Amino acid sequence: MSKTYQIVNFFLKGEYSEETKKKFYRWFFSSNAKLEKEEALVNQWNEIDIEADSSTRDSYNKVIANLGIESKKKQNLELRYKLLRIAAAIFIPVISIISAYWYVQSSDRQPVEFVEHFTPNSNIETINLPDGSSVTVNCGSIIIYPRNFTNKSREIFLSGEAKFTVIPDKKRPFIVKTNDMNIEALGTVFNVSSYAENSQTVATLVDGKVRVDMKKSKKDYVLDPLQQVVFDRKTGKSFSQRAKIDLELAWEEGHLVFRNASIEDIMQEIQRKYDVRIYANYKEIKNEKLTVRFNNDEPVEEIFKTLSMLIRGFNYKIKGEKIYIYQ
């Protein structure tokens, strides 16, 4: 059993601190021992008793297309298909990691050194990009970008949520890539929310102008300020609408704002902000939708007390950093 296998095995099957996760992501994205990493993940796959169906392969093919992997690389398709199955079966957030990994490793560009930035749960960070643009990154998010923008475009991979303030450069368009859409801007301010575990991806324009290309439908939108594009992962449909900027950017101040949000999405946001683990059993209230706002200084105990008053049959227990929801 190789050391690489042990690292991958322990990470996929365990729960670790955000600092440990950050170190794993940095190691996983590095160019060292790529073949060993692939072999370790395949061995993980072989140890799982899961039957794949046609929808699994269709979903996989869409991911491959979204990442821009060309047909000449198809000799490794079965391997990559297995890697995504492992992510879905064992550790859902790793879907984003695997996707980003293949985006980086499969690029036909000149060799480029990439920077991977992971913002832990309960944190909000601002980083400066090589061109002078800045990114405010929400908790539990990952961005990947070249250490130097040497190509004809400035491309960023995002899994999570971030607000981008872009320095204009007509010769090198600025493109944010997610699993669902590409957002292109020349000089603008916009917000993108694309957590792998959430039901929607949302791109919101604050100032300037952006073009949003939907990967699955090949549909595109050109947004003016105060507009947004919403992609629903369950239905596969997208639409544009007027945005409430103060609500969309409330997360910068640490607030939690939900508009017609599902219980599952609300729980995901709470986990990221408060760095807690939520164990839920709420089949009968799973389809409930809520519009509610919680301020930055709201204790997690008060949040769950409020939710229990808003949702009939919502019961909970808080034990340290673990929260149990039941009916």
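The values are calculated or read from the model by the stated rules, or taken from the named source; none is laboratory data. Please read all numbers here as calculations on a predicted model, not as lab measurements. Methodologically, a virtual Cβ is constructed for each residue, glycine included, from the backbone with ideal geometry; neighbour enumeration extends over all protein chains shown.
For the range 277-299, which positions are farther than 13 Å from residue 261 by Cα and part of a helix (DSSP H, G or I)?
283, 284
Scan the range 300-320 residue by residue and report those that are in contact with a helix residue (DSSP H, G or I) (Cβ under 9 Å, 6 or more places away or on another chain) and either part of a helix (DSSP H, G or I) or under 27 Å from residue 248 (Cα atoms) (or both).
If the condition is that a residue be in contact with a helix residue (DSSP H, G or I) (Cβ under 9 Å, 6 or more places away or on another chain) and either part of a helix (DSSP H, G or I) or under 27 Å from residue 248 (Cα atoms) (or both), then 300, 303, 304, 307, 311, 314 are the ones that fit.
Quick check on my filter: what residues within the range 188-209 are among the hydrophobic types (A, V, I, L, M, F, W, C) and in a strand (DSSP E or B)?
189, 190, 192, 202, 203, 205, 206, listed by residue number.
Please pick out the residue among 212, 222, 230 that is crowded, with 20+ Cβ neighbours inside 10 Å, outside the structural domain of residue 309 (by TED's automatic domain parsing), out of contact with any helix residue (DSSP H, G or I) (no Cβ under 6 Å at 6 or more places or on another chain) and not in a loop (DSSP other than H, G, I, E, B).
212
Of 242, 293, which residue is of a type in the set (Lys, Arg), assigned by TED's automatic domain parsing to the domain that holds residue 163 and under 30 Å from residue 185 (Cβ atoms)?
Exactly one of 242, 293 is of a type in the set (Lys, Arg), assigned by TED's automatic domain parsing to the domain that holds residue 163 and under 30 Å from residue 185 (Cβ atoms), namely 242.
Against the conditions (1) touching a residue at least 12 places away in the same chain (Cβ under 8 Å); (2) surrounded by fewer than 22 Cβ atoms within 10 Å (Cβ to Cβ); (3) of a type outside the set (Phe, Trp, Tyr), where does residue 155 fall short? Just the number, please.
Condition (2) is where residue 155 drops out.
Looking at the range 158-188, which of its residues are surrounded by fewer than 18 Cβ atoms within 10 Å (Cβ to Cβ) and aliphatic (A, V, I, L, M)?
167, 175, 186 - these are the residues of the range 158-188 that are surrounded by fewer than 18 Cβ atoms within 10 Å (Cβ to Cβ) and aliphatic (A, V, I, L, M).
From the set of residues in the range 262-299 that are surrounded by 14 or more Cβ atoms within 10 Å (Cβ to Cβ), out of contact with any Gly (no Cβ under 8 Å at 6 or more places or on another chain) and among the β-branched types (Val, Ile, Thr), which is nearest to residue 252 (Cα to Cα)?
Among those residues, the one meeting the criterion is 270.
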